[in-house]
Amino acid sequence: MHLPVTIAELRASMFSEARFRHRSVKDELRENLLAKLDRRETILPGIVGYDDSVVPQIVNALLSRHNFILLGLRGQAKSRILRELVGLLDEFMPAIEGCEINDNPYAPICKACRLMLEARGDETPVTFIARDRRYVEKLATPDVTIADLIGDLDPIKAARGGHLLSDELTIHYGLLPRANRGIFAINELPDLASKVQVGLFNIMQEGDVQIKGYPIRLPLDVMLMFSANPEDYTARGKIITPLKDRIGSEINTHYPASVEEGVEITRQEAWMRRDEREINVPEFIMLAVEQIAFEARTDQRVDKRSGVSQRLPISAIENVISNAERRRLATGEPEIVPRICDIYAALPSITGKLELEYEGEQRGANAVARDLIKTAVGKTFEAYFEHIDCSEVIGWFNDGGSLRFSDADSAELCLTSFRHVTGLLDVAVQSGLTKRSQPELLVAVCELILEGLHAQKKISRSEERGYIAAKQEPRGQRYESFSRSGKIN
């Protein structure tokens, strides 16, 4: 499509003065949102689990032309939501060429553009700005200053141009004016110093700013969005009251409501493809990894105020696949199939994402994480094996059998041991999760059974002896004990 290059051409195009002179960015967002709703299109593609909760509230805020804030714990897609809203802007926006603050060709607000318009009239050159360049984001930190956000007077500009310091032509614009006619987002708003929060007042209420106390009026057209942690927003009181009063809508985000929603998010975000090699991640592995986050969010040893980020299962499944990938390289197996032991190998991706209470600190992050994995695997096991009889497997251990293997052992080596456990392979096949002709997957299901029985305290596991009976009872017939090498002891 041919785009106009001067204001004269702009007036005669689809970007007419009648439509664009008084159209604010909030009107633009509202207009495009209404069109999407009318076409029944997805408002926030890629955002899972918010269709009936967060998304309707965001839609209401945008239709009301509100500046809004997203309140939520870490890892609840707050920043992702803010960035996705760029899709509601026009594909291209006309602006005066060379303007630092994206001035409207029909109603410029900076002095340099006004002077150019007076000098060149309808021949004033225009440019078009893509929607992704109209989004400006700033992470709030205590060292952010008014000059960073709004701007400052530049004495060098004044000296070179022969201007007074109070002249608008000496302004070095900050991030907020540079976001004019676009979206300006501030993440972690409570961390912004109080005096800087005060500087946002006029923008939100009157729509203008002042630089260094000089009465320079810049009626900026900006959609302001914020994010914050609820603990910072309420308990510590770091958002000053007048600023809170000027935020039109307060929207609370949340973690996935179900494990299935969490799995969908993890599949979407995690790096699960490795050099085009064959990777078969069983669904029960995905569910077990996701269940870890759900268990952590309710565990008394984990700090609820800090939350458990959705990044935990994302990082964990990446580590799980990496451990399985390492084993495949060592054993030469045809495909990468993660097992339960690979989840335990992913402990480093779990412990760093848990903020512990005093009881958890006393126990240690590794021990807490192991408990969470055990519980998560136990619940996953129940979902698949609730109506399947595992008594033969339990009986083998009760009669003195023990089993030990490593996450580095090949599928064939593991199966050599598993075949001697009465009923283990039969139960695995009966579940419908695998077939006898799939050795790597068969081993993964057998590990799920063993760890699930351990979680239910029907068998025990120790670092020295591996899987053993839940309690030592008088032994009748003694079964063979297998070491990790698969040889009879």
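The values are calculated or read from the model by the stated rules, or taken from the named source; none is laboratory data. Note that this is a predicted model, so its numbers are computed, not measured. Quick reminder, even Gly has a Cβ in these numbers, built from the backbone with ideal geometry, and neighbours come from all protein chains shown. These accessible areas exclude ligands, DNA and RNA; they are computed on the full protein's heavy atoms, side chains included. Shrake-Rupley method; radii C 1.70, N 1.55, O 1.52, S 1.80 Å.
Overview of values
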| item | result |
| --- | --- |
| Unique match (being part of a helix (DSSP H, G or I), within 37 Å of the chain's Cα centre (by Cα) and either farther than 30 Å from SER306 by Cα or at pLDDT below 95 (or both)) among VAL377, VAL443, VAL427 | VAL443 |
| Among the candidates GLN362, GLN300, residue that is surrounded by fewer than 18 Cβ atoms within 10 Å (Cβ to Cβ) and in a loop (DSSP other than H, G, I, E, B) | GLN300 |
| Filtered residues of the stretch 11-55 (kept if at pLDDT below 95, among the hydrophobic types (A, V, I, L, M, F, W, C) and closer than 18 Å to LEU82 by Cβ) | ILE43, LEU44, ILE47, VAL48 |
| Single unsatisfied condition, ALA330 versus (1) surrounded by fewer than 18 Cβ atoms within 10 Å (Cβ to Cβ); (2) in contact (Cβ under 8 Å) with a residue 40 or more places away in the chain; (3) assigned to a loop (DSSP other than H, G, I, E, B) | (3) |
| Candidate set from the stretch 239-261 (those that are touching a residue at least 60 places away in the same chain (Cβ under 8 Å) and part of a helix (DSSP H, G or I)); member that is farthest from GLY332 (Cα to Cα) | ARG246 |
| Qualifying residue in the stretch 410-424 (condition: among the charged types (D, E, K, R) and open to solvent by 20 Å² or more (accessible area, probe 1.4 Å)) | yes |
| Candidates GLU325, GLU295 - the one that is open to solvent by 10 Å² or more (accessible area, probe 1.4 Å) and touching a Leu at 6+ places or on another chain (Cβ under 8 Å) | GLU295 |
| Qualifying residue in the stretch 370-388 (condition: farther than 30 Å from GLN300 by Cα and of a type in the set (A, V, I, L, M, F, W, C)) | yes |
| Failed condition for SER258, given (1) open to solvent by 20 Å² or more (accessible area, probe 1.4 Å); (2) of a type in the set (Gly, Ala, Ser); (3) in contact with an Asp or Glu (Cβ under 7 Å, 6 or more places away or on another chain) | (3) |
| VAL59 vs. criteria within 33 Å of the chain's Cα centre (by Cα) and touching a residue at least 60 places away in the same chain (Cβ under 8 Å) | no |
| Given (1) closer than 30 Å to GLU260 by Cα; (2) in contact (Cβ under 8 Å) with a residue 60 or more places away in the chain; (3) open to solvent by 40 Å² or more (accessible area, probe 1.4 Å), index of the condition PHE385 fails | (3) |
| Looking only at the stretch 441-459, and only at residues there that are open to solvent by 10 Å² or more (accessible area, probe 1.4 Å) and touching a Ser or Thr at 6+ places or on another chain (Cβ under 8 Å), the one that is farthest from ILE388 (Cα to Cα) | LEU441 |
| Tally of residues being in contact (Cβ under 8 Å) with a residue 24 or more places away in the chain and aliphatic (A, V, I, L, M) across the stretch 348-368 | 4 |
| Residues being touching a strand residue (DSSP E or B) at 6+ places or on another chain (Cβ under 9 Å) and either of a type in the set (Val, Ile, Thr) or in contact (Cβ under 8 Å) with a residue 12 or more places away in the chain (or both) - total across the stretch 262-292 | 7 |
| Residue list for the stretch 421-449, filter: without any contact (Cβ under 8 Å) to a residue 60 or more places away in the chain and closer than 15 Å to TRP396 by Cβ | VAL421, THR422, GLY423, LEU424, LEU425, ASP426, VAL427, ALA428, CYS446 |
| Candidate set from the stretch 262-281 (those that are open to solvent by less than 90 Å² (accessible area, probe 1.4 Å) and part of a helix (DSSP H, G or I)); member that is farthest from ARG305 (Cα to Cα) | GLN268 |
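Residue by residue, here is whether (1) open to solvent by less than 20 Å² (accessible area, probe 1.4 Å); (2) out of contact with any Ser or Thr (no Cβ under 8 Å at 6 or more places or on another chain); (3) in contact (Cβ under 8 Å) with a residue 12 or more places away in the chain holds:
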{"residue": "GLU17", "(1), (2), (3)": "no, yes, yes"}
{"residue": "ARG30", "(1), (2), (3)": "no, yes, yes"}
{"residue": "GLY46", "(1), (2), (3)": "no, yes, yes"}
{"residue": "ASP52", "(1), (2), (3)": "no, yes, no"}
{"residue": "GLY72", "(1), (2), (3)": "yes, no, yes"}
